[in-house]
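The values are calculated or read from the model by the stated rules, or taken from the named source; none is laboratory data. Please read these numbers as outputs of a predicted model, since none were measured by experiment. Counting neighbours? That spans all protein chains shown, and the Cβs are built from the backbone with ideal geometry, glycine included. What goes into the accessible areas is simple: the full protein's heavy atoms, side chains included, and nothing from ligands, DNA or RNA. Shrake-Rupley method; radii C 1.70, N 1.55, O 1.52, S 1.80 Å.
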Amino acid sequence: MTVSNGAAGRAAKLVLFDIDGTLVHAAGVGRAAIEGAMIEVYGTPGPIDDLPFDGMTDPQIVRTLLRAEGLSEAEIAPAFDRLWPAYAARLEGEIDERRDRMRPTPGVPEILDALEAEGATLGLLTGNIVAGAKGKLSAVGLWGRFPFGAFGCDDADRNRLPPIALERAFRHTGTRYGPGRTWIIGDTPHDIECARGSGLSVLGVATGRFSVDDLRRAGADEALPSLQDTGRVMSALASA
C-alpha cells in the first residue's frame, strides 16, 4: 500500500454514503426481514409499527424493539447472534419478492460516476449490517461501487462508525482522510449528528422522511432535495 503525498492525493476527497433513503429506496425489505427474523428468534417483533427506522443501526433497532416489549438484556443477549443469519435469509427472500420495486434514488449512478471521475474515494457509512448492505445494493446494481465501509455490525452506535470508515479508507487507498476532506451523505438527522461527532462535513438529502429544512436545522453543511442535479451536488461537495 502506498501512502499518497502528491497534489492529487491532497486534493482528493472521501465521500461516505448512507444506504436506505440516500442511495436506495428498498421497498421495505429490511423492515420486513427484521420483523420476520425477530418473530422467528424471539417470538415477537416488538412494537415495530411504531418505530421509525430512519438513521438507526440494525442492532439498535432490534434492541430498541425488544426492550420496548419488556425484554431485559439478559433475555436479549443469548439469541442476539442467532438473529442475524435469520435476518439475512429472510432479506434474500424479501428482495426476491420486491426487486422490481427497489431502485436507486434519483441521480445516484450519475453522482457516483462524477465523483469517481474527479478522483474521489467512495465508501459506505450505514446502519445496515454487511449482509443487509450487500443485499440491498446488489439488488439495484450498486454494491460494486463501494470497496469498503463501516456497518451496523461494526458498532451499534452510529456515531462510532466514522473512525472505522476512515481507517478502512486508509487501508484501501493509503491516504489519511479527515475533517475538510471527508463528507458523509445521508437523509436523516442521525447522519448529521454522526458526521458532526467526528468533525466531518455532511450533505443532507431530502430523499427520505426529512425535508431540506429539517436537515438544515439539524446542522447539515449543505442540504439538497435530492442527488439528481449532479452539478449542484458536486458544487456542494466542493464547498468544505
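Some notes on this structure:
- Subset of region 176-195 [farther than 15 Å from residue 164 by Cα, in contact with a helix residue (DSSP H, G or I) (Cβ under 9 Å, 6 or more places away or on another chain) and open to solvent by 10 Å² or more (accessible area, probe 1.4 Å)]: 181, 189, 190, 193
- Scanning region 222-235 for residues being of a type in the set (Gly, Ala, Ser) and under 18 Å from residue 189 (Cα atoms) gives a total of 2.
- Test: residue 221 is within 20 Å of residue 13 (Cα to Cα), touching a Gly at 6+ places or on another chain (Cβ under 9 Å), of a type in the set (D, E, K, R) and open to solvent by less than 10 Å² (accessible area, probe 1.4 Å): no
- Conditions (1) more than 22 Å from residue 196 (Cα to Cα); (2) open to solvent by 10 Å² or more (accessible area, probe 1.4 Å); (3) in contact with a Lys or Arg (Cβ under 7 Å, 6 or more places away or on another chain); (4) hydrophobic (A, V, I, L, M, F, W, C): number failed by residue 130: (3)
- Residues (open to solvent by 10 Å² or more (accessible area, probe 1.4 Å), in contact with a helix residue (DSSP H, G or I) (Cβ under 6 Å, 6 or more places away or on another chain) and in contact (Cβ under 8 Å) with a residue 12 or more places away in the chain) located in region 133-152: 135, 139, 145, 147, 148, 151
For every residue, the table says whether it meets (1) closer than 21 Å to residue 186 by Cβ; (2) among the small types (Gly, Ala, Ser); (3) touching a helix residue (DSSP H, G or I) at 6+ places or on another chain (Cβ under 9 Å).
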site	(1), (2), (3)
24	yes, no, yes
45	no, no, yes
76	no, no, yes
94	no, no, yes
97	no, no, yes
107	yes, yes, yes
113	yes, no, yes
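- Counted residues, region 62-78 - those being open to solvent by 10 Å² or more (accessible area, probe 1.4 Å), part of a helix (DSSP H, G or I) and over 23 Å from residue 135 (Cα atoms): 8
- Considering region 79-112, and only residues there that are in a loop (DSSP other than H, G, I, E, B) and open to solvent by less than 50 Å² (accessible area, probe 1.4 Å), the residue that is farthest from residue 35 (Cα to Cα) turns out to be 107.
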